[in-house]
Amino acid sequence: MRKTAVGMANSRARAGCGYGLVLAALLTLCVEFALAETARPVPSVDAPRASLPLEFPWRAWRLFSSNDHLPNNLAYAIAQDETGEVYAGLGDGLARYDGASWERVALPGVRGVHAVGALLLGADQSLWAGTDGVGVFRVRGGKVEPVPGLSGEAGVVYALAVDGERGVWAATDGGLARCMADGCRMFEPLRGKRVREVLNGTSPAGMCLWVGTGGAGLLRIDFNARGEPVLSDFLLDRSDGLPNSFVKPLVQWGGKDGRDLWIGTGRGLARFDGERLVRYTPAVGFPGAVQAILPGRGRDSGLLFVGLRPGGLALIREDGSWGLAGQAEGLPDSAVQHLAYTDKGSSTPLLWVGTVAGGIARADPGRWQLLDERRDVSSRGMVGLGSLRFPDGMETLWLGSSRATLRLTQTGWKAIEGIPQGAVVVDMAATADGSLWVAAQTGLWQLNGTVRREYTADNSQLPAVYAGLLAVQSSSSGNDTLWVGTGHGLARWSASEGLAKVDNHPLLHGGPAIRALAFARLGQDAPGTWVGLDEGVLHWDGGRWQQAAGDCLKGCARNHDRRARRSIRRRNLDWKRWTGGAPAGGVLRAPGECICRWLCRADRVRQKWPRLSVRHRWCGSP
């Protein structure tokens, strides 16, 4: 941070070297010394590398693109007007969404194609729109009117900010302009300077405007006692430690009184607390140019969203920790151009993401999203689906269809390397040795790097041709065990023993169909392997099998029975055998003097048995 270098240097030169014409030869040296003294960079440090676990999991995104009648897939800006309708500034004009469909909004008097790069709901409840080449327009009551006064370079508008109760500030290629309904006029101190962003904010001097420029760094405009804007001598640019002097999005969020300034640049992000800079750049794995910054609201409070091009979304906590979310988390494009919230007409703020080529995405809580051919999923016939941490370290969704097996990556759905096209995959798992295990209708595959090994009923102890269910019994030593469920029995794999059939319990004799399989913790017990069969539920504690007593599943209250019954029927288990009508909770005496404690909670009833909330004592093996 420094004063404008030339102004400060000249003042110090006059003060320190004002000895008349006799010392004129020394003037240059004095100026250079002053410049060096006043242009010292702000203390700066690199941000930590990405460390957040995925706190922005898959959301139900409502996607709007040309497939959904959005006029253009390049979305520069999004804003909601006073009636609740949503407007989008697109690569070829303005569009409006009424909650059901999009329609193009004509800009009066405009010929040719012009992008709309900025939208803002003003204090007067008018919607202001900045365009690429034809200045500013004002929308009120559905009527669009041009605002005169900006042309040429000043007609290229990048950002808008509220100016009082009736106007806006416009950041343009020709400088900074103040616009009212009757016209715009330039702020003379910045005439001719390429202004990319303007933000109403605060500084130690009080209310101010932060101004981002196209190559000249970050400036600040203060207000004098009469409320008139005055360009201050504040300047922050690359020589001070900014990743780049091209400054676009700006937000004040976090830190003391929420005043830390987040500065987006063409080479990364910086956080400025008034004393030092913290840089988020490619040096710490932070990708792409910063296009948008937005503080989270509602359920996203405590997060700062950063739109990257490329890179998707960065999520930053106030403590500076961060992570990334992209197409693997459901975004339609990895290049994000704009971020916005709307709240009119909804019970919670809705996050909107404008992208470069994928249109617009809206996060809709509680909404299902259809994945089909329009979202790069090759078939609608699904036989397998899950979430898995793959050997490359990324935890993503995968699906097995009748045509291909895909995983969701940062660039969309992609075929999983090593799995043949057309293979029907029903389950997958990963072990600590770096192997990806694939359960398919033709057997079990082990993929590890370029090595692929196939286990079948003919060349191994796989109990059946069809491998249906997989569960990994993790080990702190890294020697994981893989359990394999089939239609004709159970098998287990370990690095030391290979694949072996498991039939050391009466219920496993004869190759029964395995209906459910999981490695999980129940209550306070150590995690174990759970096997669901037509004849009961078995638990392997690492040393022996234990069978759940016949009425250990008694006790679901009547209002919970339907959900529990439905879950059990999915696995073809005998409801009458495993449950009764006793009141929820309590102690039940089972055959063989086994005491079972049962607590049934509907919100924990899931498809896999170990996720049922049960407190128990297990009966020994018969």
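The values are calculated or read from the model by the stated rules, or taken from the named source; none is laboratory data. Bear in mind that the values here come from a model prediction, so they are computed numbers and not experimental data. Note that we place each Cβ from the backbone using ideal geometry, even for glycine, and neighbour counts take in every protein chain shown. Accessible surface is based on the protein model in full, side chains and every heavy atom, while ligands, DNA and RNA are left aside. Shrake-Rupley method; radii C 1.70, N 1.55, O 1.52, S 1.80 Å.
Annotations for the structure displayed:
- These residues, Glu188, Glu165, Glu85, go from largest to smallest accessible area, 1.4 Å probe, as Glu165, Glu188, Glu85.
- Solvent-accessible surface (1.4 Å probe) assigned to Trp128 amounts to roughly 0 Å².
- Shown is the FRET efficiency for Ala205 and Ser346, computed with R0 = 51 Å from the Cβ-Cβ distance and rounded to the nearest 0.05: 0.85.
- Note on exposure: Met207, Met186, Met428, Met382 ranked by accessible area (1.4 Å probe, complete protein assembly) read Met207, Met382, Met186, Met428, with the most exposed listed first.
- Loop sites in the stretch 354-442: GluC sites (Glu not before Pro), DSSP, at most 15 other Cβ within 10 Å: Glu417
- Rounded to the nearest Hz, the phi-derived 3J(HN,Hα) couplings of the stretch 450-457 under the Karplus curve 6.51 cos²θ - 1.76 cosθ + 1.60 (θ = phi - 60°) are 8, 8, 10, 10, 10, 10, 10, 5, where x marks glycine and proline.
- Solvent-accessible surface of the stretch 227-348, averaged per residue with a 1.4 angstrom probe and all protein chains in place: 36 square angstrom.
- For the stretch 381-446, the set of trypsin sites (Lys or Arg not before Pro) satisfying both a DSSP loop assignment and a count of at most 16 other C-beta atoms within 10 Å is given as Arg403.
- In units of the rule-of-thumb radius 2.2 N^0.38 Å, the stretch 322-393 shows an alpha carbon radius of gyration of 1.32.
- Here's how it looks for Ala516: its modeled amide H is under 5 Å from those of Gly532, which are all 5 or more places away or on a different chain.
- Convex hull of the stretch 164-297 built on C-alpha atoms - directionally averaged projected area, nm²: 9.1 nm²
- Taking θ as phi - 60° and the Karplus parameters 6.51, -1.76 and 1.60, the scalar couplings of the stretch 355-364 work out to 10, 7, 10, x, x, 10, 10, 10, 7, 10 Hz in sequence order, x denoting glycine and proline.
- For Phe286, the amide hydrogen comes within under 5 Å of the amide hydrogens of Thr281, counting only partners 5 or more places away or on other chains and with H modelled in the peptide plane.
- 1.4 Å probe accessible area per residue over the stretch 388-490, in Å²: 43 Å²
- Computed over the stretch 378-533, the P(r) curve from all C-alpha pair distances, binned at 5 Å from the origin, holds 2, 9, 18, 23, 21, 15, 8, 3, 1, 0 percent per bin.
- Fraction of the pair-distance distribution of the stretch 45-113 above 16 Å, Cα-Cα pairs, percent: 60 percent
- Heavy-atom accessible area order for Trp445, Trp368, Trp540, largest first, 1.4 Å probe: Trp368, Trp540, Trp445
- Accessible surface, the stretch 100-216, averaged per residue in Å² (probe 1.4 Å): 42 Å²
- Mean projection of the Cα convex hull over all viewing directions, computed for the stretch 223-269: 4.5 nm².
- Put simply, the amide H of Asp541, placed in the peptide plane, has neighbours under 5 Å in Gln546, leaving out anything fewer than 5 places away on its chain.
- About its Cα centre, the dipole of the stretch 220-378 is roughly 100 debye, where the only charges are +1 on Lys and Arg Cβ and -1 on Asp and Glu Cβ.
- Taking the DSSP beta bridges with both ends in the stretch 238-336, the antiparallel portion is around 100 percent.
- Rg/Rh for the stretch 353-467 stands at 1.03; both radii use Cα atoms, and Rh follows the Kirkwood definition.
- Within the full protein context, the accessible area of Val110 is estimated at about 40 Å² for a probe radius of 1.4 Å.
- Loop-located trypsin sites (Lys or Arg not before Pro) in the stretch 459-541, at most 14 other Cβ atoms within 10 Å (DSSP): Arg521
- HN-Hα J in Hz across the stretch 197-205 - Karplus 6.51, -1.76, 1.60, θ = phi - 60°, x for Gly and Pro: 8, 9, 9, 6, x, 10, 9, x, 8
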